[in-house]
Amino acid sequence: MCSHYQSIKEAARLEKYFGVAPPSAPVVDDVWPGYAATFIRAGAGGERTSHAGRFGLVPHWAKDATMGRKTYNARSETVTEKPAYRDAWARAQHCIIPAECIFEPDWRSGRAVPAAIGLASGEPMGIAGLWAQWRDPEGALVHSFTMLTINADDHAFMRQFHRPEDEKRSVVILPPERWDDWLAADAANSAPFLLPFPAQDLVATVVTPPPPPRTLSLFD
């Protein structure tokens with residue numbers, strides 16, 4: 001559902017809302033599959049820690065990283081079954097993906113109009129995700145992550161996006177008071193977090209999104 005989003009640019013904003021500093025490794029702000037961006041997971045003591053990971057989950061058993069081109073969204077209905085995601089789900093490898101907005105095509109006019117979807121409050125959103133780690137052929141450890149999605153056919157806001165004949169989907173936007181609960185939840189107690197976000201708390205703005213960057217891609 002979401003293949004393009006805007007991460008948090010300012011370190012001070014990431015610290016204010018998520019309580020973490022930016023990762024030490026380089027990341028991009030305009031994120032497409034294969035590009036390095038910030039994700040947040042729980043540390044050994046339960047505290048939030050930030051990491052650089054590739055958008056598009058690459059499981060530990062993958063032969064190469066290119067499968068991440070198709071694994072940037074995990075359907076909640078099949079996440080326990082699909083080989084790409086089931087290990088991360090079973091191990092409760094939960095993460096939060098900080099985002100200013102996600103980009104989706106608005107088809108209400110009969111044509112695709114690029115729109116940036118964000119919170120009406122102007123605050124960044126914390127998207128529920130799963131993370132994984134994989135070793136490349138040279139032995140380097142690569143982190144990656146995916147966004148969890150749910151059906152949005154009946155969602156008053158998210159059903160406006162994508163082609164009329166397509167199933168409507170939404171990323172799982174977590175309320176801030178549930179962020180730490182999500183990071184700490186085990187697999188047996190994960191499903192209750194996968195809920196729609198209130199339609200009245202979302203806004204869409206017509207934009208001209210930038211093209212995909214040509215650096216920091218794991219797929220180049």
Step by step: first the residues of region 123-154, then only those that are in contact with a Leu (Cβ under 9 Å, 6 or more places away or on another chain) and part of a loop (DSSP other than H, G, I, E, B), then the one that is modelled with the highest pLDDT. Which residue is that?
Pro124
Of all the residues that make up region 102-113, how many are buried (at least 17 other Cβ atoms within 10 Å of the Cβ) and either closer than 20 Å to Arg178 by Cβ or among the hydroxyl-bearing types (Ser, Thr, Tyr) (or both)?
1
Only one of Ala25, Ala21, Ala44, Ala12 that is modelled with pLDDT of 95 or more, in a loop (DSSP other than H, G, I, E, B), surrounded by fewer than 21 Cβ atoms within 10 Å (Cβ to Cβ) and out of contact with any Phe, Trp or Tyr (no Cβ under 8 Å at 6 or more places or on another chain):
Ala21
Quick check on region 91-99. Is at least one of its residues hydrophobic (A, V, I, L, M, F, W, C), under 26 Å from Arg178 (Cβ atoms) and out of contact with any strand residue (DSSP E or B) (no Cβ under 8 Å at 6 or more places or on another chain)?
yes
Candidate set from region 146-188 (those that are within 19 Å of Arg86 (Cβ to Cβ), out of contact with any helix residue (DSSP H, G or I) (no Cβ under 9 Å at 6 or more places or on another chain) and not β-branched (Val, Ile, Thr)); member that is surrounded by the fewest Cβ atoms within 10 Å (Cβ to Cβ):
Ala188
Only one of (1) buried (at least 17 other Cβ atoms within 10 Å of the Cβ); (2) farther than 19 Å from Thr205 by Cβ; (3) in contact with a Ser or Thr (Cβ under 9 Å, 6 or more places away or on another chain); (4) not acidic (Asp, Glu) fails for Ala116. Which number is that?
(2)
Contacts under 7 angstrom Cβ, first residue in region 49-74 being at positive phi, partner β-branched (Val, Ile, Thr) and at pLDDT 95 or above, 6 or more apart
Gly56/Thr71; Gly56/Thr146
For region 65-80, state whether one or more residues are over 26 Å from Pro192 (Cβ atoms), assigned to a loop (DSSP other than H, G, I, E, B) and not hydroxyl-bearing (Ser, Thr, Tyr).
yes
Residues being under 30 Å from Arg48 (Cα atoms) and either part of a loop (DSSP other than H, G, I, E, B) or in contact with a helix residue (DSSP H, G or I) (Cβ under 9 Å, 6 or more places away or on another chain) (or both): count how many of those fall in region 113-122.
5
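The values are calculated or read from the model by the stated rules, or taken from the named source; none is laboratory data. Worth saying up front: this structure is predicted, and the values here are computed from it rather than measured. Neighbour counts run over all protein chains shown; Cβ positions are idealised from the backbone, glycine included.
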